[in-house]
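Visitor: Provided herewith is a single structure, encoded as structure tokens, for subsequent inquiry.
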Amino acid sequence: MTQFAVLHIQKGTGNGGAIGRHIDRVGKQKNNIDQERSHLNRKYSYNPQDRSWSVNALQGVNNLANKVKKRIIEGKTDGKTIRKDAVKYVSVLLSMSHDAVIRNINEWAGENYVFLAKEFGLKNIVDFTVHLDERTPHIHATIVPITRDGRLSAKEIIGN
């Protein structure tokens, strides 16, 4: 049987509210979600000061729009006005074949977190959620495309 991995990247010009509600399972959801397994979904975060991980159950709204806005305020230092059509966040979906065996969800999630941190910058990861309530386990990560020199530039971070 052929197994595969998926990395889907999509630019977002809005505030991220709609995708945030889907990630946090707030409001009406699609039919493919097994509500009885939603308690298995987890938020991952990394604290670079003490090099520690935290893993928490989803608990209501974590307000992705506010996380994106906060990262832009903290990281964007070039002084330029943000264009109306600017890409403010990048939505990343990481997945694999639904029949692939994941022996350790935390290890799989951690490896993907490290990968995204290397590619896009640790501070730019504003949300990292593992969904286990659908047929295929997958990760939703939200990245704010701040460059090393403090510009908001998805083109530089992920390409054209």
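Visitor: How do S153, S52 rank by accessible surface area computed with a 1.4 Å probe, from largest to smallest? Kindly include the intermediate steps, with their values, before the conclusion.
Guide: Working: S153 20, S52 40 Å².
Ranked list, largest accessible area first: S52, S153.
Visitor: Rounding to the nearest 10 and keeping the result within 0 to 90°, find how far the Cα-based axis of helix 105-120 lies from the longest principal axis of the chain.
Guide: That helix lies at roughly 20 degrees to the long axis.
Visitor: Taking a cut-off of 22 Å between Cα atoms, list the lysines near K88, but don't count ones fewer than 8 places away on the same chain.
Guide: K11, K43, K67, K69, K70, K76, K80, K118, K123, K155
Visitor: If amide H atoms are built 1.01 Å from N in the plane of the peptide, which residues on other chains or at least 5 residues away come under 5 Å of the amide H of L132?
Guide: Sorted by chain and number, the residues that satisfy this are N41, R42.
Visitor: Per 0.36 nm of contour for each residue apart, how much would the distance between V6 and N106 grow if the chain were fully extended, relative to their Cα-Cα spacing?
Guide: On the way: separation 100, 0.36 × 100 = 36.00 nm, distance 1.81 nm.
My answer for the length gained is 34.2 nm.
Visitor: Right, here's the next one. Counting only heavy atoms of the protein chains, get the accessible area per residue of the chain (1.4 Å probe) and round it to a whole Å² value. Walk me through the numbers before you get to the answer.
Guide: Details: 9890 Å² over 160 residues.
Spelled out: the 1.4 Å probe surface of the chain, per residue, equals 62 Å².
Visitor: If you don't mind, another one. Accessible area, 1.4 Å probe, largest first: how do H131, H8, H22, H39 sort?
Guide: On the way: H131 0, H8 90, H22 45, H39 120 Å².
Solvent-accessible surface, decreasing: H39, H8, H22, H131.
Visitor: Please compute the length gained on full extension between L122 and K80, using 0.36 nm multiplied by the number of residues separating them and subtracting their Cα-Cα distance. Present the calculation step by step, with values, prior to reporting the outcome.
Guide: Numbers: separation 42, 0.36 × 42 = 15.12 nm, distance 2.31 nm.
Between L122 and K80, full extension yields an extra 12.8 nm.
Visitor: Sorting S95, S54 by accessible area (1.4 Å probe), largest first, what list results?
Guide: Values: S95 20, S54 40 Å².
Sorted descending by solvent-accessible area, the residues read S54, S95.
Visitor: If you don't mind, there's one more thing I want to ask. What number, rounded to the nearest 500 deg cm²/dmol, is the helix-based mean residue ellipticity at 222 nm of the chain, given -39500 (n - 2.57) per DSSP H run of at least four residues and division by all its residues?
Guide: Details: 4 runs with 40 residues, N = 160.
One gets -7500 deg cm²/dmol as the mean residue ellipticity at 222 nm.
Visitor: Let me ask you something else. I'd like the carbon and sulfur percentage of the solvent accessible area for the chain, probe radius 1.4 Å, heavy atoms only, ligands and nucleic acids excluded.
Guide: On the way: 4750 of 9890 Å².
Within the chain, the accessible surface is 48 percent carbon and sulfur.
Visitor: Round to the nearest 10 and give me the degree value, 0 to 90, for the angle of helix 64-75's Cα axis relative to the longest principal axis of the chain.
Guide: 40 degrees
The values are calculated or read from the model by the stated rules, or taken from the named source; none is laboratory data. Model, not experiment: these values are computed from the prediction. Note: accessible area is taken over every heavy atom of the protein model, side chains too, but ligands, DNA and RNA are not part of it. Shrake-Rupley method; radii C 1.70, N 1.55, O 1.52, S 1.80 Å.
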